[in-house]
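First the structure, in the form of structure tokens, and then the observations on it.
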Amino acid sequence: MKVTINVECTPEEARAFFGAPDVAPLQDAVLGQMKTQMQKAATALDPETMMKTLFPVNSEGFADLQKAFWGQFMGTDPSKTSK
């Protein structure tokens with residue numbers, strides 16, 4: 001024997017019926033905090049700051065990055081090569 005019961009209710013009604021807590025206020029608070037943090041982090045996305053972060057002023061950092069890239073590309077360990 002197979003019995004099927006269909007219940008039509010909103011998610012809020014189902015949550016109240018089963019006694020589950022309403023987490024909407026907590027979710028709103030967390031999303032608000034995340035929005036604030038993302039807005040603060042967006043200030044670091046201006047092109048000038050990104051370029052200074054990715055490419056330091058000294059060329060030695062770029063040379064080290066290039067050596068590491070070519071070492072991986074050629075299959076050698078750049079830490080074992082002489083400078």
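Some points to look at:
- Sum of side-chain charges, P25 neighbourhood, beta-carbon under 15 Å (Lys, Arg +1; Asp, Glu -1): -2
- The tail of the calculated P(r) for segment 1-58 beyond 17 Å holds 68 percent of all Cα-Cα pairs.
Coordinate-derived values only; no laboratory data. Just so you know, these numbers come straight off a predicted model, no measurement behind them. Every residue, glycine among them, receives a Cβ derived from its backbone with ideal geometry; neighbour counts consider all protein chains shown.
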